[in-house]
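Enquirer: Got a structure here, written out as C-alpha cells. Questions coming.
None of the figures in this text is laboratory data; all of them are computed from the coordinates on show. The model shown is predicted, which means the values in this text are computed figures rather than measured ones. Cβ coordinates were reconstructed from backbone atoms using ideal geometry, including for glycine residues, and neighbour counts include every protein chain displayed.
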Amino acid sequence: MVRNLILILTLALSACAALPPVDVPTRKDSGISNLPAMKVFGNRSQPVTTRSNATIARDFMDLSFRMESGKVLPTMTRFEGPILVALKGDAASNVSRDLGILLSRIRNEAGIEIREVRRHETANLLIQSISRGEMQRYVPTAACFVVPNVVSWSDFKKSHRRANSEWANLQKREMVSIFVPNNVSPQEVRDCLHEEVAQAIGPLNDLYRLDDSVFNDDNFHSVLTGFDMLVLRAYYDPALKNGMTLAKVSARIPSVLARINPRGQRNSATDDARTPRDWINAIEVALGPKAGVTARVDAAKRAVMIAKKYGWRDNRLAFSTFVLGRVSMGVAPELSTAAFLEASAYYTALPGNELQSAHINMQLAANALSSGDSHGAIKIVDAHMPAAIRGENAAVMATLLMIKAQALSLQGRESEARMTTLDSLGWARYGFGSDANVLARLREISALSPAKGSSLQ
C-alpha cells in the first residue's frame with residue numbers, strides 16, 4: 001500500500017517536508033540566531049473508539065477485503081507467529097525511537113507480538129530508508145509504501161511486478177518490506193511508519209468515510225488511533241485465520257468485537273454507503289499534480305456537489321469543502337474562506353473531529369492575523385492547540401504557535417511573543433525537518449501582517 005504524497009502535499013502544512021518550496025518575502029533577520037533543540041512526542045495511547053461494534057464490523061470488512069483500487073481480496077492474510085521488525089538503510093536516529101514507540105503501542109493496545117530486532121538478525125518486516133527521489137522514480141506519487149515478498153530496494157526494482165508481490169495472490173504474510181524516505185522531516189517518516197506498519201500487518205484498504213483512523217487517504221490522522229488499534233486487535237484475534245473468506249470472517253467478526261470491545265455492543269451500524277468512484281476521481285484531480293489550478297478548483301466543486309447529491313453528512317462532505325478551500329486559496333480568496341468556514345462547521349458538527357478542525361482553523365487563524373485581528377487569531381489558536389497536541393501533529397502545532405506569536409507581537413506583548421516563537425521552533429524542527437524549512441515557515445508566518453495581507457500557501 002502507498003501513503004499518498006499528493007494528499008500530504010496539499011493538506012495545508014500538515015507535513016512540512018512534503019510542502020512545495022514556499023515563495024516568502026526576503027527578510028535579512030528572522031530574530032532567531034540559533035534554533036532550540038527538537039521537541040519529540042512521548043509514548044502515549046490515543047482515546048478508545050466510541051463507535052458501535054456494528055459500525056466497526058462493517059468498516060473492518062471493507063478495510064480487510066478490498067484494496068484502495070476497489071479490487072476485492074479473495075482471502076484474509078496476516079503474519080503467523082511473532083512479527084520481527086528490522087530497520088535497513090540510512091535511517092536517522094529519531095526513526096528508531098519513533099519505531100520503538102509505535103511497536104510498544106501495538107503490543108500494549110492491539111495485543112500483537114511484534115518487536116524490533118538488530119539489523120543483522122532475521123526479520124520478517126523490513127523498514128528500508130531510501131531517498132525520496134529514488135523512490136519516486138518507481139512510484140511517483142508515493143510518500144512511502146509497503147510491498148510483500150521483497151527483501152531490499154534492489155529486489156523491488158527487479159521484481160515488483162511479479163505475481164508473489166501482489167497482495168491478492170498471498171496465502172499468508174511471510175516477508176513484507178516498507179520503503180520510507182530518508183531525506184524528509186521526522187514527522188513525515190513517523191507518519192509513514194504508523195500507516196505502513198499498520199497496513200503491512202493488518203488491513204490494506206483506506207476508506208474516506210472514516211474520520212478517526214489512519215486508514216483514510218485524507219491523511220488528517222498521522223498516528224494510529226484507538227479505532228485503528230481495535231481493528232488490529234480484531235485482525236489478530238484467534239477466531240480469525242489465514243485464508244478465511246469474506247463470508248467466514250463476516251460471520252465471526254461480530255462475536256470477536258463483542259468479546260474484545262463490550263462497550264460497543266449498542267446501536268446499529270450507521271448508514272454509510274460505499275464511496276462512489278466519481279467522488280474519489282474528483283478528489284484525486286483536485287489534489288493531484290497534473291491538472292491546472294482552474295481544473296483543480298472545478299474538480300473540488302464537483303466533489304462538493306457529489307457529496308451533497310448523495311446526502312452525506314459525514315467526513316466526506318466536510319473533506320470535500322476543505323479541499324475546495326485549499327485549492328482555491330491562491331485564485332479565489334473569498335471562495336476559499338467561505339469553503340474553510342463551511343468545512344469547519346461540518347467538522348465541528350461531527351463528534352471526534354477536533355483534529356480536522358485544527359487543520360482548518362489554522363488557516364482561519366492566519367486569515368485573522370493578516371486582517372489585523374490579533375485577538376481573534378489568539379482565540380482560534382488557543383481553542384485548537386489541544387487537538388493538535390493530542391493528534392501529535394508537530395507541524396500544525398508549530399504553525400499555530402507561530403501565528404500566536406505574531407498576534408502577541410501586534411499587541412505589543414513582545415516577551416510573550418518571543419517565548420511562544422521559541423516554543424514553536426522546537427516543534428517545527430520535528431514537523432518541518434531542516435533548519436531552512438523551519439526558518440522559511442517562520443518568515444512566511446511573520447509576513448502575515450495587515451500590511452502584507454498574505455495567506456498561507
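Enquirer: Calculate for the chain the 222 nm mean residue ellipticity that helices alone would give, adding -39,500 (n - 2.57) per DSSP H run of length 4 or more and normalising by residue count, nearest 500 deg cm²/dmol.
Expert: Counting only the DSSP helices, I get -16000 deg cm²/dmol.
Enquirer: Further question: What ranking do H120, H221 get, fewest neighbouring Cβ atoms within 10 angstrom at the top? Working shown, then result.
Expert: Working: H120 7, H221 25.
Listed from fewest to most nearby Cβ atoms, that is H120, H221.
Enquirer: Hey, another quick one. Return the loop-located trypsin sites (Lys or Arg not before Pro) in the stretch 117-175 (DSSP other than H, G, I, E, B) with at most 15 other Cβ atoms within 10 Å of their own Cβ; answer none if there are none. Write down the numbers at each step before the final one.
Expert: Details: sites: R118, R119, R132, R137, K157, K158, R161, R162, K172, R173; in loops: R118, R119, R161, R162, K172.
Filter output for the stretch 117-175: R118, R119, R161, R162, K172.
Enquirer: Between the alpha-carbon centers of the stretch 377-411 and the stretch 316-365, tell me the distance in whole angstrom.
Expert: So the separation of the two Cα centres works out to 17 Å.
Enquirer: Right, another one. Between V48 and Q171, what's the calculated FRET efficiency when r is the beta-carbon distance and R0 is 45 Å? Round to 0.05.
Expert: 0.85
Enquirer: Could I ask something else about it? Take the residue pairs K39/K404; K172/K248; K71/K241; K71/K248; K39/K88 and return only those whose Cα atoms are more than 23 Å apart.
Expert: Over 23 Å apart, Cα to Cα: K39/K88.
Enquirer: Moving on. Determine the percent antiparallel among the DSSP beta bridges restricted to the chain, to the nearest 5.
Expert: Approximately 35 percent, going by the DSSP bridge assignments.
Enquirer: Can you give me the angle between helix 315-327 and the longest principal axis of the chain, using Cα atoms only, in degrees from 0 to 90, rounded to the nearest 10?
Expert: 40
Enquirer: By how many degrees, 0 to 90 and rounded to 10, does the Cα axis of helix 277-287 deviate from the longest principal axis of the chain?
Expert: 40
Enquirer: What are the ³J(HN,Hα) couplings of the stretch 234-241, residue after residue, when phi is run through the Karplus curve with 6.51, -1.76, 1.60 and θ = phi - 60°? Round to Hz, x for glycine and proline.
Expert: The phi angles translate into 5, 4, 9, 5, x, 6, 9, 9 Hz.
Enquirer: Here's another thing I want to ask about it. Between (i) 25, 61, 14, 0; (ii) 25, 57, 17, 0; (iii) 22, 50, 24, 5, 0, which matches P(r) over Cα pairs in 20 Å bins from 0, in percent calculated for the structure shown?
Expert: Structure-derived value, by its label: (ii).
Enquirer: Listing F156, F322 from the residue with the fewest other Cβ atoms within 10 Å to the one with the most, what is the order?
Expert: F156, F322
Enquirer: Hey, another quick one. Under 15 Å Cα to Cα from K309, which aspartates and glutamates show up? Leave out anything in the same chain fewer than 8 places away.
Expert: D272, D278
Enquirer: Now for a separate question. With both bridge residues required to lie in the stretch 43-264, what share of the DSSP beta bridges run antiparallel, to the nearest 5%?
Expert: Antiparallel: roughly 25 percent of the beta bridges in the stretch 43-264.
Enquirer: Quick one: E116, E174, fewest Cβ neighbours within 10 Å first, how do they rank?
Expert: Taking fewest neighbouring Cβ atoms as first place, the list is E174, E116.
Enquirer: Using only Cα atoms, find the angle between the long axis of helix 374-390 and the longest principal axis of the chain, and express it within 0 to 90 degrees, rounded to the nearest 10.
Expert: With both axes taken from Cα atoms, the answer is about 20 degrees.
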